[in-house]
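The values are calculated or read from the model by the stated rules, or taken from the named source; none is laboratory data. Small disclaimer: the values here were computed from a predicted structure and weren't measured. Positions of Cβ are generated from backbone atoms using ideal geometry, with glycine treated the same way; all protein chains shown enter the neighbour counts. For accessibility, only protein heavy atoms count, side chains too; no ligands or nucleic acids. Shrake-Rupley method; radii C 1.70, N 1.55, O 1.52, S 1.80 Å.
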Amino acid sequence: MKYKILALDHDDTVVDSTRTIHFPSLIETLNVLRPDYRLSMEEYVEYCFEPGFYSFCYDILHFSEEEMNYQVDHWYSVVKSRIPKVFDGMKRIITKFKENGGKICVVSYSHKDYILRDYAANGLPLPDAVYGFEQPPEKRKPNVWPLVDMMGVFNVEPSEIIMVDDMKQGLEMAKKAGVDFVGAGWANDVKSVEEVMRSLSDYYCKTTEELESILFS
């Protein structure tokens with residue numbers, strides 16, 4: 001294989017979590033805090049892409065700190081109780097990559113404990129390294145630290161890593177590190193997001209089969 005490390009985002013890249021967990025959780029919060037506010041799934045994805053989720057909460061929804069804490073607490077309760085399903089094809093890709101001697105490294109805004117839970121619950125081979133939200137802010141994407149660290153741990157060059165993410169934070173991190181990047185477009189069909197990601201990514205895939213072809217062709 002050309003690549004020795006497959007660096008994967010988690011939400012909306014490996015597991016179908018925005019549609020089944022994150023968006024419903026926010027709607028439940030809005031029903032309490034902003035009952036007259038209407039938000040579609042497409043709008044939610046667009047806001048998470050630009051200006052980003054926290055800016056959306058503070059600058060558009062105008063959440064107070066107390067309201068933000070309520071949102072976070074409710075989100076945690078939902079994440080703990082619901083396990084997202086893996087996208088079709090991702091189990092085959094991850095298994096095949098590891099069977100061929102590759103390493104799986106997860107770089108995500110989810111917490112390590114939930115990532116490992118989701119992998120185990122979906123029967124996925126456990127990742128070789130996880131860089132989650134438990135890392136301090138300066139070590140989370142789009143900072144390059146996760147990619148630099150895995151280069152040292154696994155003794156690989158930037159050209160031997162490929163990063164897959166549905167959002168631009170992963171793209172920015174990969175570009176800074178000189179790592180090939182795949183835009184993951186199979187979780188949603190939001191044209192405005194796809195146009196930006198397609199224009200900036202080394203590869204853009206609408207299906208997991210396209211990713212499989214890139215990795216193993």
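Residue-normalised convex hull volume from the C-alpha trace of the range 1-116: 117 Å³ per residue. Think of the range 70-175 as a dipole: +1 on every Lys or Arg Cβ, -1 on every Asp or Glu Cβ, centred on the Cα centre; then among Val78, Ile104, Ile161, Val78 lies furthest on the positive end. A straight chain from Ile214 to Glu194 at 0.36 nm per residue would run longer than the Cα-Cα distance by 5.3 nm. All other residues whose Cβ lies under 15 angstrom from that of Ala129 are scored, Lys and Arg at +1 and Asp and Glu at -1, for a net of +1. Expressed as a fraction of 2.2 N^0.38 Å, the value expected for a compact globular protein of N residues, the C-alpha radius of gyration of the range 132-217 is 1.11.
Given just the C-alpha atoms of the chain, how large is their convex hull per residue in cubic angstrom?
Details: hull volume 24.5 nm³, N = 217.
It is 113 Å³ per residue.
Go ahead and set up a Gaussian network model of the chain, Cα springs under 10 Å, then flag whichever of Val196, Val106, Val182 fluctuates most. Fluctuation is largest for Val196.
Post the alpha-carbon centroid distance, the range 9-60 to the range 153-217, in whole angstrom. Each part reduced to its Cα centre gives a spacing of 22 Å.
Mean separation of Cα pairs under 8 Å and 6+ residues apart, divided by the residue count of the chain: what relative contact order is that in percent? Let's see the in-between values first.
Working: 304 pairs, mean separation 57.7, N = 217.
Across the chain, relative contact order equals 27 percent.
Past the 21 Å Cα-Cα mark, which pairs from Lys112/Lys141; Lys141/Lys175; Lys112/Lys175? Numbers along the way, then the final one.
Values: Lys112/Lys141 14 Å; Lys141/Lys175 12 Å; Lys112/Lys175 24 Å.
Beyond 21 Å between Cα atoms: Lys112/Lys175.
Label points 7 Å out from Cα along the Cβ direction at Tyr109 and Tyr54: separation in nm? It is 0.9 nm.
Under a crude label model (7 Å from the Cα following the beta-carbon direction), how far is Tyr37 from Lys2 in nanometres? If labels sit at Tyr37 and Lys2, their model points lie 4.3 nm apart.
Can you give me the % of accessible surface on the chain that is carbon or sulfur? Probe 1.4 Å, all protein chains present, nothing else counted. Write down the numbers at each step before the final one.
Details: 5160 of 10150 Å².
Result for the chain: 51 percent of the exposed heavy-atom area is carbon or sulfur.
Size descriptors for the range 60-134: radius of gyration and Dmax over Cα atoms are 15.6, 50 Å.
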